[in-house]
Amino acid sequence: MQRREFLIFAAASGLLSGTAGAAPVAGTSLSLPVAINKSGRLRMLSQRGAKAWLLLVLGVLPDRSKSILAQSLASFEQILGELKTLQPGDDIRGLAQTLDQEWRAYRPLLADVRADPKAVWTHSEAVLAAAQALTVAYEKAAGTSSGKLVNLSGRQRMLSQRMAKAYLFRQMGVNTAEAGSMLDAAMKEFAKAHDDLKAAPQSTAQIKSELALVEQQWFFFQNALQMRAATDRVKAASDVGTTSERILEQMDLVVGLYERL
């Protein structure tokens, strides 16, 4: 893909709607559980955008990766706007402003396949940290056990993309030691949180059924992530890209169920 074409695509992506964000309802504000879900979704999008950018740079699944990146950029912008309808205090307002500032520095990098990979790494981490802080603040404002579960399950979505990001950075040869540690830590955190969700008293039979499907996808995702010395690097990256999307989709269903509690 030519750089000019990619920049045009990225600029236009702000007009697109993605599967990762729902349209706002005019004249309404968000509830706290919904705000926890949406701010948590920004954590995921910070990592999903980097993953899609890496796949494009590596020349893996170019059409699909282009679509994922467009969805991620558009959804992030949309959700930032939606969260402005629920900022019940100076602390949350300040955290939201910090997140917006970090995003404004990060987004142009995702719009250019010739951006410095180390800059993409740094800014994806900064946006993730800002979104995490905002999500935790919303959870504290809610002060409910179900709010904690929305946060925890929502973080699983982010981890699915973080693992893929770390894998691809390592394959690219950028921050390889840090990427390996990031991948190992994210895999351990995901497995523990999955067990915690299954054991939560609030987890209904329906939620446990959906978690069982997540577990099936997790099996395939782990297999893909463990292809560290694969001779076919394109296939390995492709498998990580596709399986990370599948587990994200399934985990998103789980988060929605916890939100409705």
**OP:** Report, to two decimal places, the Cα Rg of the range 83-195 normalised by 2.2 N^0.38 Å (N = number of residues).
**Re:** 1.18
Subject >> Exposure of E249 as accessible area (Å², to 10), given a probe of 1.4 Å and all protein chains >> reply: 110 Å²
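Over the chain, what percent of the accessible surface lies on carbon and sulfur atoms, probe 1.4 Å? Walk me through the numbers on the way to the answer.
Values: 6150 of 11360 Å².
In the chain, the share of accessible area belonging to carbon and sulfur is 54 percent.
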Original post:
What is the Cα coordinate range of the range 120-165 on the first, second and third principal axes, sorted by size from largest, in whole angstrom?
Top reply: 35, 18, 6
Original post:
What is the sum of charges around L253, taking Lys and Arg as +1, Asp and Glu as -1, for the other residues whose C-beta is under 13 Å from the C-beta of L253?
Top reply: 0
**OP:** Could you work out the mean projected area of the convex hull around the alpha carbons of the range 143-261, in square nanometres to one decimal?
**Re:** 7.2 nm²
Original post:
What would the Debye formula give as log10 I(q)/I(0) at q = 0.14, 0.17 Å⁻¹ for the alpha-carbon point model of the chain, no solvent?
Top reply: -0.93, -1.36
Original post:
Which distance in nm do the two modelled labels at D63 and R260 give, with both placed 7 Å along the Cα-to-Cβ direction?
Top reply: 3.4 nm
Original post:
Under a point-charge model restricted to the Cβ atoms of Lys and Arg (+1) and Asp and Glu (-1), what is the dipole moment magnitude of the chain relative to its Cα centre, in debye to the nearest 20?
Top reply: 280 debye
Original post:
Normalised by the number of residues in the chain, what is the relative contact order in percent for Cα pairs under 8 Å and 6+ residues apart?
Top reply: 25 percent
Original post:
Which sequence of F190, F219 reflects their accessible areas, 1.4 Å probe, from the largest down?
Top reply: F219, F190
Original post:
Using the scaling law 2.2 N^0.38 Å as the reference, what is the normalised Cα Rg of the range 28-119?
Top reply: 1.18
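The values are calculated or read from the model by the stated rules, or taken from the named source; none is laboratory data. Just so we're clear, the structure is a prediction, and the values are computed from it rather than from any experiment. Cβ atoms come from the backbone with ideal geometry, glycine included; neighbour counts cover every protein chain shown. Quick note on the areas: whole protein, heavy atoms, side chains included, nothing else; ligands and nucleic acids left out. Shrake-Rupley method; radii C 1.70, N 1.55, O 1.52, S 1.80 Å.
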